[in-house]
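The values are calculated or read from the model by the stated rules, or taken from the named source; none is laboratory data. Everything numeric in this text was worked out from a predicted model, so none of it was measured. Ideal geometry is used to build each Cβ from the backbone, glycine not excepted, and the neighbour counts take in all protein chains shown. Please note that ligands, DNA and RNA were not included when accessible areas were found on the heavy atoms of the full protein model with its side chains. Shrake-Rupley method; radii C 1.70, N 1.55, O 1.52, S 1.80 Å.
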Amino acid sequence: MAVALSFSLFAAPKQANAQAALNVNADGAILVDAETGKILYEKNADSPLGIASMTKMMTEYLLLDAVKQGKVKWDQEYSVSDLVYKMSQPRDLSNVPLRKDGKYKVRELYEAMAIYSANGATIALAEIIGGSEANFIKMMNEKAKKLGLTHTKFVNSTGLNNQDYHGQQPAGSSDDENVMSSHDVATLAFHLINDYPDVLKTASTPMKVFREGTDDRIVMKNWNWMLPSLVYGYQGVDGLKTGTTDFAGYCFTGTASRDGKRFITVVQNAVGANGKGGYKARFDETRKMFDYAFTNTTREEIVPKHYQVKGHKTIPVIKGKDDQVKIYTKSAIDMVIENGENKNYQPVLVLDKKKINKDGELTAPIKKGETVGYLTVKPKNGDKMKFLTTDGQNKLKVAVVAAQDVEKANWFVLMMRGIGGFFGDVWSGISSTVKGWF
C-alpha cells in the first residue's frame, strides 16, 4: 500500500511537437526512446499490419534466449532437412542455398538470417530450437503473449507470404500472414536490443561472406541500407531488420545511437512522395523520425540524486533517539525529452505505507539507505506519458531512502517520554478546564 504526493515545482510546460511535425508516409509508424520505451511519435500504431521479414526478430529473440539457457550452442551442427533444402534454393526469396547433405553451424545460420534475411537458414534455426517449424511457431506466439504483444499473430518463422511455401507451410498453418502492430514491432525490438544487445554486432555488419573458401561462397550484403557505410547511410544506425513482401509492402525496424541517445523506429508499408512503395521509401520515412529525434530531443536530468521534495524533506520517527529522519532520492531521474521541456515535469512522491503508520511516522530503528518509498515524475499539464512497457515506465522511478541512521531509544528514554506525555496530556486537560471557567 502506498500514498502518492504530487508537487508543482516547475514552470508551465511547452507542448510536444512530434505529432504535428512528422508526417510519415506509411500505414503504420512509431518512434520510441530505446532506453525507456517512451513513445515520441506514433501513427496507426495499434493496427495489425504485415511485417514480412521483420518476423525474424522473434526468431532471433528465441534463438538468443535458447543460447543463453544452454539449450542451443553456437558451434552446434545442423543437418539440412528436405524442407530447408527446398526453401533455401530460390535466390529470389533471399537465400543462401544450403546443400542437401550439408552440415551448418548455428552461428553461420544466424548470421545468414540476421544479415542477409536468408529464409532457408531461418527455417533451419526454427527446427533446431523447436524441433519443427510448426512447433516453433507455437513458441513464437507464446513468447509474443509473454512480451505483451497484443496485436500479433505468427504463422511462419520467416515472414514469407505463405504461398511462397508452395504448399509446404508449417503444419496447422492456414493461408494467413504474419501480422503485428507498429507498437508490437517496436516492443519486440525494445526487448531484443535490451535483453540481448549483442544482436546489434551482427545486425550492424554491412557485408559478410558465407562459407568463405568453399564452392558455396556467397557475399551477403545487409539489406539495411541505412548502415553508415551503405547507400542510404545514416550516422549511428546499427540495426535492425528490414522486410518486404507483396502483402506487407516495404517495412523497416531501425535503431540508431548517438549523443547518448538511442531510438527505435518502425515503418510498415512505407511509400514515397509518388505514393509508391520502395526500398528508398522505407529509409526516407525512417530518416524523418531519426532526424526529428536527434535534433529535437535531449537527455536531461529531471530530478537530481539526493533530491528532497519541498515540505517532505523529513519523516517523523517514533521510538527513536531522534524524532525525525531526513529522506532523499537514492539516484537521479533522467530521460529523453523534447527541447525546452525540462520544466514540464513535476515530482510525485509515493511513500510505502507498509513502513509508515497511519499518522505518517516511521518506527525506529532506521538504517541509512533504507527505502521508504519512491519518486517518479509526470507532466505538469496533465498529459500522460506513453511507454511501450511497464518496465520502461518503471525506469522513471527512483527509490526514496533514509539519509541517516536513527537508533532505537532505550527503555528508560521511552519510559520517560511516556511519563512526560502522560503529564503533558493531564496538564493540557486541566488548562482547558480552567479556561472553561472564565
(message) Just to check your reading of the model, which residue among Asp391, Asp359, Asp383 is out of contact with any strand residue (DSSP E or B) (no Cβ under 7 Å at 6 or more places or on another chain) and not in a loop (DSSP other than H, G, I, E, B)?
(response) Asp391
(request) Those residues that are open to solvent by 10 Å² or more (accessible area, probe 1.4 Å) and either in a strand (DSSP E or B) or free of Cβ contacts under 8 Å to residues at least 60 places away in the same chain (or both), I need them from segment 325-341; list them, please. (result) Lys326, Tyr328, Asp334, Glu338, Asn339
(request) Find the residue count for segment 379-394, including only residues that are more than 19 Å from the chain's Cα centre (by Cα) and open to solvent by 30 Å² or more (accessible area, probe 1.4 Å). (result) 4
(message) Pull out all pairs, ordered by first then second residue, where Cβ-Cβ is under 8 Å, the residues are six or more apart or on different chains, the first lies in segment 380-392 and is among the aliphatic types (A, V, I, L, M), and the second is assigned to a helix (DSSP H, G or I).
(response) Met385/Gln393; Leu388/His183; Leu388/Ala186; Leu388/Thr187; Leu388/Phe190
(message) Return the residues of segment 257-299 that are part of a loop (DSSP other than H, G, I, E, B) and basic (Lys, Arg); say none if nothing qualifies.
(response) Lys276
(request) Considering only segment 19-112, give the strands (runs of 3 or more DSSP E) lying wholly within it that have at least 1 residues that are farther than 17 Å from Ile264 by Cβ and among the hydroxyl-bearing types (Ser, Thr, Tyr). (result) 77-79, 103-105
(message) Is it the case, given these coordinates, that Asp322 is out of contact with any strand residue (DSSP E or B) (no Cβ under 8 Å at 6 or more places or on another chain), among the acidic types (Asp, Glu) and either part of a loop (DSSP other than H, G, I, E, B) or more than 16 Å from Glu370 (Cα to Cα) (or both)?
(response) no
(request) Search segment 342-369 for residues being basic (Lys, Arg) and within 30 Å of Asn381 (Cα to Cα), and hand back the single one that is least open to solvent (accessible area, probe 1.4 Å). (result) Lys353
(request) Please go through segment 200-236 and pick out each residue that is of a type in the set (D, E, K, R) and farther than 24 Å from Leu64 by Cα. (result) Glu212, Asp215, Asp216, Arg217
